[in-house]
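Data block below; observations after.
The values are calculated or read from the model by the stated rules, or taken from the named source; none is laboratory data. Nothing here was measured: the structure is a model prediction, and the numbers come from that model. Cβ atoms come from the backbone with ideal geometry, glycine included; neighbour counts cover every protein chain shown.
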Amino acid sequence: MTKTILGLDKVKSEKLVIDLNKLLANFQTYYQNLRGLHWNIKGKNFFELHMKFEELYTDSQLKIDLIAERILTLQGTPLHTFDDYIKAAKVPVGKNISKDVEAVSLVVDSLSELLKIEREILDLSAEADDEGTNSMMSDFISEQEKTIWMLNAWLG
């Protein structure tokens, strides 16, 4: 078994890089959705949701950087073109959404999709003894589960 410079199984690390790139592409789509929701939201919940979407896209920006840096740490190359993101993303794309319930539902659906990918990575990183990736996924998952709970409470 060949090891990486970090002492991890090379084949397992390469698989993690592929999945982390998939997560990166999905986060980029999620981030862009949030920017659009922030800009286009209308109605009585404008102020509340405008601020919430900004909070979420700012958090996403940080996570995108963490994912890309983890890929680099594992000696991979992060995806970095819109073409790559479009090909790899499964997060639903929201276009011209201005209604509050539709906007919040898109965020919940997007987070649910991200959670699926993160749980796959969590399983793989545990199997590969990759504590760095494992810890990052655990943090992401617990935060996003709480966000889904809160947004679903808002939806009623």
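Under the condition of being among the charged types (D, E, K, R) and under 12 Å from Gln75 (Cα atoms), which residue from region 13-33 is surrounded by the most Cβ atoms within 10 Å (Cβ to Cβ)? Lay out the reasoning, then the answer.
Filtering region 13-33 for residues among the charged types (D, E, K, R) gives 14-15, 19, 22.
In the following step, the residues that additionally are under 12 Å from Gln75 (Cα atoms) were identified as 14-15.
Values: Glu14: 14, Lys15: 16.
Among those that are among the charged types (D, E, K, R) and under 12 Å from Gln75 (Cα atoms), it is Lys15.
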* Asked: When region 52-94 is examined, which residues are found to be more than 27 Å from Gly132 (Cβ to Cβ) and either surrounded by 12 or more Cβ atoms within 10 Å (Cβ to Cβ) or at pLDDT below 95 (or both)?
  -> Lys52, Phe53, Glu54, Phe82, Ile86, Pro92, Val93, Gly94
* Structure fact -> Filtering region 98-123 down to residues that are touching a residue at least 60 places away in the same chain (Cβ under 8 Å) and either among the charged types (D, E, K, R) or touching a Pro at 6+ places or on another chain (Cβ under 7 Å) (or both) yields Leu106, Ser110, Glu113, Glu118, Glu120
* Asked: Does Ser105 count as outside any loop (DSSP other than H, G, I, E, B) and touching a Phe, Trp or Tyr at 6+ places or on another chain (Cβ under 7 Å)?
  -> no
* Looking at this structure, is Lys95 in contact (Cβ under 8 Å) with a residue 40 or more places away in the chain and outside any helix (DSSP H, G or I)? -> yes
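Every residue, every condition in (1) in contact with a Leu (Cβ under 6 Å, 6 or more places away or on another chain); (2) farther than 19 Å from Ser110 by Cβ, yes or no:
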site: Met1; (1), (2): no, yes
site: Leu6; (1), (2): no, yes
site: Tyr31; (1), (2): no, no
site: Leu34; (1), (2): yes, no
site: Tyr57; (1), (2): yes, no
site: Gln61; (1), (2): no, no
